[in-house]
Every structure is written in C-alpha cells, then in structure tokens.
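Notes to accompany the following structure.
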Amino acid sequence: MNKQIVGRHFDLTEPIKNYLEGALDGLEKYNLDIISGTAIISGDEKNGKKGYSVEFIINLKDKNTIVITQRDKDVYAASDIAIERAKKSLRRYADKIKGHRVTSFKDLGEEAEAVSVLETEETEIVPMHLELHKPVDFDEAVEMLKAETKRQFIVFNDNDGLMRVMYKRADGKFGLY
C-alpha cells in the first residue's frame, strides 16, 4: 500500500507522522486490496477558534475511493475518530464481500465455466397426448375466446396452414394478426 501523509497549513511532526502511518498500516488487517492511503491534516481557524481537520482517502482495488473527514479541536482526537470511522467502513465492506454469494466469473477464477455439462446415463422420453395440442381452426378460436375470461389471445392455423393470432379488443370485438 502506498502511504502519504500531508500537512496543509500545519507543521507535521514526527510523532504525528508515525501515529498516522501506524493507523494506515492497521487498515491492512481487513485483507482488502488497498492501493493507497492518504492522510491529510489541515489546520484552520473559524470564528477565532483554532481547529484541525483530518481526512483519510483510501483507494480500494474493486471499489470507489473511501473518503473520511473529521474535524476537532485536537489533532489526535480528530485522527482517532477518523481512524475508527475508516475501520468501520472497511469492516462493513469486508463483511459485505464475505457475506454475499459470488456474483461474477472474475470472483470464481480462471477455471470457471458458464454452463456445466450434466451427464445422464439414460435419455428419458416423455409422451404427449395429441388431443391436448390439436390445431384449432378459425371458428373454434372464436368460440374459445368467447368462452374464456382469462385468456386474451389464441394462436391457431388458418386454411392456408399459416399460424395466426386472434385477440380480444377492448370494445368486445376480435382482432386478427
């Protein structure tokens, strides 16, 4: 992981640098591929009160960047709260990855196959009754649509052997494709 510690309008001391480096090293325990971690400490003054802002920018391999910003009167207090928030965010992301099923072939590895071949010893043939699926002519299709309330269309063969579709219209008449 690449680590950067930057001070804006703030003089960085060795103890603060070491403290933040240790905090960034502690983020490795979540076993997420962290590309880089940046800590930015800013000293600013608002309404005559001196304060410090600590910002953590964490770039992960497969996710967008996580940005945590914390403001406090004390540098160490702001750093502690920002570190805890970063750990909580990374812990949630790690739990989310571990708790969900695999969603892509990239997660499965290079040997993943889209369809597995099912091997059966015997081919099973299921017989069908032709009476249930006999062709319907024009007059039978009209009668069937009049009798049924749920079905809105019927596919049938016309006299020329072409497949046609008859459907109920909103005005009660029948349409034909």
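Every number here is computed from the coordinates shown, using simple stated rules; none is lab data. Computed from a prediction, not measured in an experiment: that's the story for all the values here. Reconstructed Cβ throughout: ideal geometry from the backbone, glycine too, with neighbour counts over all protein chains shown.
Fully extending the segment from Ile35 to Val67, taken as 0.36 nm per residue of separation minus the present Cα-Cα distance, adds 10.1 nm. Close amide H pairs (under 5 Å, H built 1.01 Å from N) link Phe10 with Gly43, residues at least 5 positions away or on another chain. The protection proxy used here, the mean number of other Cβ atoms lying within 10 Å of each residue, ranks peptides 55-62, 6-13 as follows, highest first: 55-62, 6-13.
Within the range 2-102, antiparallel bridges make up roughly 75 percent of the DSSP beta bridges whose residues both belong there.
Note that the range 23-39 has calculated 3J(HN,Hα) couplings of 5, 5, 5, x, 6, 5, 5, 7, 6, 9, 6, 8, 6, 8, x, 10, 10 Hz, one per residue in order, obtained from phi through the Karplus relation 6.51 cos²θ - 1.76 cosθ + 1.60 (θ = phi - 60°); glycine and proline are x.
Multiplying the residue separation of Leu176 and Asp25 by 0.36 nm and subtracting their alpha-carbon distance yields 47.1 nm. Summarising the label geometry, the points placed 7 Å from Cα in the beta-carbon direction at Leu162 and Ala77 lie 8.4 nm from one another. The charge dipole of the range 1-106, taken about its Cα centre with unit charges on the Cβ atoms of Lys, Arg (+1), Asp and Glu (-1) only, comes to about 620 debye. For the cross-link pairs Lys29/Lys49; Lys46/Lys96; Lys17/Lys88; Lys17/Lys50; Lys29/Lys73, which exceed 31 Å when the distance is taken from alpha carbon to alpha carbon? Violating the 31 Å Cα-Cα cut-off are Lys29/Lys49; Lys46/Lys96.
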